[in-house]
Amino acid sequence: MQRPEHELHVVDNEIHIDFNVPLPAEGADEVLADLLSHHALEILNDRINREHPLKGIPVLQVFAKRRGESVPVATLDLGEPEDVVEMEMPTLLPSGVSTGYDPLSKYGAGRDENVLELAEHRESDDLGTVGSQLRLTAGVAAGLRSMGIDPETMTVCELGRGLLDLAGYSLTDRGDGTWVASGKGTSTFVQCVSHVAGDYPELSHGAVAAFLVAFARARTERGMLITDKFGPYEIYMKERANPDCVFVTRERFQGFVDAIALS
């Protein structure tokens, strides 16, 4: 995971590190505060190795953003000038980012097969935000926020990229709205299809067909389409015909999140 965007300043004999990380309305929980404190100490130690004037300043203040304003998250005592203060990275996922564990494989093998009773949920084209549909663990929420992704307002593409990054996959942008997730001994072609207000809330036949063609051309081992639209029954037929492709549709969001968050 990359460090969040940040600024470092010295104010009144304190070091202030201000992260461009969106905070929830209630402020940072313990996991997010520990994660940002860990990043702040790493940044500080890197800078001290290059800029000795920072050494000996006794206090480090950590900030993040709420509605664009900087809000204190943690205050750290840096001890004596010769001390090296460190903090372990908090555990965000039970399996960490182990190269031997492939959560996408787990999700693909256990996804829900029931789509026959979804019609009553499609009465409105206003599907609501992605975050309003999900239960996130504290670790996943903190990880997304550290990437600059606000779970309360995130798009489906931000969710997809954030979860794959958090799980330890290396993402390569193909420049056409798709990317390749590499790692865990395999490669996955990933495409995102966002719902636009006023559009039909179910994934179209054309979008399904276009994804399958793009997946075949990508020559990766697996293919995944992520969308905040509902899934038509057609996708189950396509998955049965080609088990290496999977559709993460609105009714499958929670299973996708859980495959990564609870692995």
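In region 52-63 there is no residue matching the filter, namely being within 28 Å of residue 262 (Cα to Cα) and open to solvent by 40 Å² or more (accessible area, probe 1.4 Å).
Taking the listed residues 73, 115, the one that is modelled with pLDDT under 60 and of a type in the set (Val, Ile, Thr) is 115, with no other qualifying. Taken as a whole, the condition of being at pLDDT below 90 and farther than 25 Å from residue 129 by Cβ does not apply to residue 238. Among the residues making up region 29-47, those that are under 14 Å from residue 1 (Cβ atoms) and in contact with a helix residue (DSSP H, G or I) (Cβ under 6 Å, 6 or more places away or on another chain) are 31, 32, 35.
Being of a type in the set (Gly, Ala, Ser) and in contact with a strand residue (DSSP E or B) (Cβ under 8 Å, 6 or more places away or on another chain) is a property that residue 206 lacks.
For region 28-42, the count of residues that are surrounded by 19 or more Cβ atoms within 10 Å (Cβ to Cβ), touching a residue at least 24 places away in the same chain (Cβ under 8 Å) and outside any helix (DSSP H, G or I) is at least one.
Of everything in region 225-256 that is assigned to a helix (DSSP H, G or I), out of contact with any helix residue (DSSP H, G or I) (no Cβ under 7 Å at 6 or more places or on another chain) and not charged (D, E, K, R), the residue that is farthest from residue 199 (Cα to Cα) is 241.
Checking the stated criteria, residue 207 turns out to be modelled with pLDDT of 90 or more and of a type in the set (A, V, I, L, M).
The values are calculated or read from the model by the stated rules, or taken from the named source; none is laboratory data. Since the model is a prediction, treat every value here as computed from it, not as a measurement. Note that each Cβ is placed from the backbone with ideal geometry, even for glycine, and that neighbours are counted across all protein chains shown. Side chains are part of the model used for accessible areas, which takes the heavy atoms of the whole protein and leaves out ligands, DNA and RNA. Shrake-Rupley method; radii C 1.70, N 1.55, O 1.52, S 1.80 Å.
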